[in-house]
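Notes follow the structure.
The values are calculated or read from the model by the stated rules, or taken from the named source; none is laboratory data. Owing to the predicted nature of the structure, the values given are computational and were not obtained by experimental measurement. When we count neighbours, we look across all protein chains shown, and the Cβ atoms used for this are built from the backbone with ideal geometry, even at glycine. Just so you know, the surface numbers come from the protein's heavy atoms only, side chains and all, with ligands and any DNA or RNA stripped out. Shrake-Rupley method; radii C 1.70, N 1.55, O 1.52, S 1.80 Å.
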Amino acid sequence: MRARYAVPLGITATAAAGLAYSVGFEARFFRLRRVTVPVLPRGMRPLRVLQVSDIHMVSGQRKKQRWLQSLAGLRPDFVINTGDNLSDPEGVPETLDALGPLMEFPGAYVFGSNDYYGPKPRNPARYLVEKVQGKHGLNGNAPAVGVIHNPWEDLRDGFDAAGWVNLTNTRGSLKIDGYEIGLTGVDDPHIKRDRYARVAGGPDAAADFSMGIVHAPYLRSLDAFTADGYPLILAGHTHGGQLCIPFYGALVTNCDLDTDRVKGLSTHQAGGNTAYMHVSAGCGANRYTPMRFACPPEATLLTLVPGRVS
């Protein structure tokens, strides 16, 4: 009898320990990723860009709030928020409070699907099924019904009041030490809100440096930004795979991006051009799957340095 039950009980105990670790420890083990990107024209001074993404704030997440507030101590030149700030309709005040110190710096933002809509319980295995089927979000799937509408307008108003630039299918710019930084953004491709045609045409010739911003790194958006000549694209959405296999990596990206580029710095090629791309693994998770494994929550401090031919 002992041999009969030893293996199942061992597997169950291991699974329970892994679940406890992924929810109770790793999901709260916030870290800062530091990346240097050689994209600036010659003669420009380095720029420090803090990227925050996929906060998925749930009311009461005090440790996450304190950690986000502490990032202001990095003194970045500007902040880019790549969306999915919410995972709770009641989370807007705490999100704005957590980001308050960062909103003292110049910044810009795009929204993700979870800013607009509240999450629903979902079997994580569906992400694997959708990967095989080539369906992600509303791209190939039926429209969502019975969804919770988050108060994204309140979040937008808070960001706008702080002077952050709204890049929802539009262009904007920031003045940093006399340099003009051109920013071009699209709304979330994951739910088909992206309208790249509205911003097409490439970087602003008057800007000293330009970059593209999108929440979900779908290939159509990466191709468009790269073909138009943007040297750098920032995105989030993937959670770095969220539940990864040690020494192997991510199984899914929740979009049509390959798993080799699920997080961190990589490159993308389209239209004869090559762009650097940074995908943030984000610092949160859907409230119904509040776990991470072999993929700690993060923010990224990107140091942009000269390296491309102007």
For this session: For region 116-126, state whether one or more residues are in contact with a helix residue (DSSP H, G or I) (Cβ under 7 Å, 6 or more places away or on another chain) and more than 22 Å from residue 264 (Cβ to Cβ).
Result: yes
Exercise. Mind checking which residues of region 128-181 are under 30 Å from residue 48 (Cβ atoms) and among the hydrophobic types (A, V, I, L, M, F, W, C)?
Worked result: 152, 155, 159, 161, 162, 164, 165, 167, 174, 176, 181
Exercise. Is there a residue being among the acidic types (Asp, Glu), at pLDDT 95 or above and either in a strand (DSSP E or B) or surrounded by 16 or more Cβ atoms within 10 Å (Cβ to Cβ) (or both) anywhere in region 166-186?
Worked result: yes
For this session: Scan region 151-165 for residues that are among the small types (Gly, Ala, Ser), farther than 26 Å from residue 201 by Cα and open to solvent by 30 Å² or more (accessible area, probe 1.4 Å) and jot them down.
Result: 161, 162
Exercise. Does residue 163 satisfy the condition of being assigned to a loop (DSSP other than H, G, I, E, B), on the phi > 0 side of the Ramachandran plot and free of Cβ contacts under 8 Å to residues at least 60 places away in the same chain?
Worked result: no
Problem set entry | Residues of region 61-94 that turn out to be more than 21 Å from residue 105 (Cβ to Cβ) and without any contact (Cβ under 8 Å) to a residue 12 or more places away in the chain, as a count | 1
Exercise. Going by the structure shown, is residue 154 part of a helix (DSSP H, G or I) and out of contact with any strand residue (DSSP E or B) (no Cβ under 8 Å at 6 or more places or on another chain)?
Worked result: yes
For this session: State which residue is nearest to residue 30 (Cα to Cα) when the search covers only region 282-308 and only residues that are in contact with a Ser or Thr (Cβ under 8 Å, 6 or more places away or on another chain) and not hydrophobic (A, V, I, L, M, F, W, C).
Result: 298
For this session: Filter region 218-265 down to the residues that are small (Gly, Ala, Ser) and under 23 Å from residue 187 (Cβ atoms), then identify the one that is nearest to the chain's Cα centre (by Cα).
Result: 236
Exercise. Only one residue in 283, 244 is of a type in the set (A, V, I, L, M, F, W, C) and farther than 29 Å from residue 76 by Cα. Which one?
Worked result: 244
For this session: Determine if region 184-192 includes at least one residue that is touching a residue at least 12 places away in the same chain (Cβ under 8 Å), closer than 29 Å to residue 305 by Cα, out of contact with any Phe, Trp or Tyr (no Cβ under 7 Å at 6 or more places or on another chain) and among the small types (Gly, Ala, Ser).
Result: yes
